[in-house]
1. Just to be sure, is ILE112 open to solvent by less than 20 Å² (accessible area, probe 1.4 Å) and within 25 Å of ALA196 (Cα to Cα)?
2. Within the range 115-135, restricting attention to residues that are under 18 Å from the mean Cα position of the chain (by Cα) and not hydrophobic (A, V, I, L, M, F, W, C), which residue is least open to solvent (accessible area, probe 1.4 Å)?
3. Can you go through SER138, SER83, SER97 and tell me which one is under 26 Å from SER198 (Cα atoms), open to solvent by less than 80 Å² (accessible area, probe 1.4 Å), out of contact with any Leu (no Cβ under 7 Å at 6 or more places or on another chain) and among the small types (Gly, Ala, Ser)?
4. Checking GLU85 against (1) more than 22 Å from ILE169 (Cα to Cα); (2) touching a Gly at 6+ places or on another chain (Cβ under 6 Å): exactly one of these is not met. Which one?
5. Every residue in the range 97-116 that is over 24 Å from ILE66 (Cβ atoms) and in contact (Cβ under 8 Å) with a residue 60 or more places away in the chain, please.
6. Counting just the residues of the range 29-54 that are of a type in the set (A, V, I, L, M) and modelled with pLDDT under 85, which one comes out least open to solvent (accessible area, probe 1.4 Å)?
7. If a residue must be open to solvent by less than 30 Å² (accessible area, probe 1.4 Å) and over 14 Å from the mean Cα position of the chain (by Cα), how many such residues does the range 157-173 contain?
8. Checking ASP131 against (1) under 21 Å from VAL200 (Cβ atoms); (2) among the charged types (D, E, K, R); (3) free of Cβ contacts under 8 Å to residues at least 60 places away in the same chain: exactly one of these is not met. Which one?
Amino acid sequence: MLLLLVLGGARDPILVPEVSQHEVLLRQGFTGTELLLFGAVLNPEGTRAAQDYDIIVVLKGPTQSIVVREKQKVAGIWINVDSAELRSAPSYYAIASTRPIDQIVDDKTAAIYELGLKWLQLSPIGSIDPDEQARFASGLVALNSGNGLYRQEEGAVKVSEQVLYQARIGLPSRVPIGTYTAETFAVSKGRVVASASSTVEVRKIGVERAIAAFSDQYGLLYGLMAVVVSIGMGWLAGRVFALV
């Protein structure tokens, strides 16, 4: 009986995740919002977990290939001097954890589950020098971090009574549309013992949605109209200043 109790206490937990909003609507004047990722860590029987677990939550936007260009100042003018195309780059990535990631898992585990900005799998399309690949990948991470699209918040996950966890993750005003995946990982002694996921849909509505749909379906016409509108606005501004 004692052996059965020991084995029963050693069983992996289950996660019951939830998100405060499963749909984020981007209206005119959208300035950003905040999602609450929360849930419970339970024994398989549904009772309170028998130990403390480190919790890591990851909110990831749609992935896409992206061209990263490097600019340099030549003769006083900034120009593109080199570029690399990276496959499967997340349009948005945020990670929150109970402690610093390197104190929760080793590098191998972090790389497998992409736990942390430096472990994102930003592999290039085609052949490229490893040092150059690392430079372009770090440049993309730095650029998106500055725009609020990539973020890493260690210590932002709070766990109460070994059961309930929660983390708040912000979405900036320029958040990309698409289906987002919210993943939760329970970690014990460096090992991921449970994981669960849910989804969040980010979409535009109203005028913004109509413009986005038009630009996707009629890209050339949309570009020509944008040029015409820009020229018209420039001409109108010139006439106004000429009259003043």
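1. no
2. Residues of the range 115-135 under 18 Å from the mean Cα position of the chain (by Cα): 115-123.
Still in the list and also not hydrophobic (A, V, I, L, M, F, W, C): 116, 118, 121, 123.
Numbers: GLY116: 2, LYS118: 156, GLN121: 96, SER123: 46 Å².
Among those that are under 18 Å from the mean Cα position of the chain (by Cα) and not hydrophobic (A, V, I, L, M, F, W, C), it is GLY116.
3. Result of the check over SER138, SER83, SER97: SER97.
4. Of everything listed in (1) more than 22 Å from ILE169 (Cα to Cα); (2) touching a Gly at 6+ places or on another chain (Cβ under 6 Å), GLU85 misses just condition (2).
5. Correct list: SER97, THR98, ILE104, VAL105, ASP106, THR109.
6. Among those that are of a type in the set (A, V, I, L, M) and modelled with pLDDT under 85, it is ALA49.
7. 4
8. For ASP131, the failing item is (1).
The values are calculated or read from the model by the stated rules, or taken from the named source; none is laboratory data. The structure presented is a predicted model; accordingly, all values stated were derived computationally and were not measured. Here the Cβ is made from the backbone with ideal geometry for all residues, glycine too, and neighbour counts use every protein chain on show. These accessible areas exclude ligands, DNA and RNA; they are computed on the full protein's heavy atoms, side chains included. Shrake-Rupley method; radii C 1.70, N 1.55, O 1.52, S 1.80 Å.
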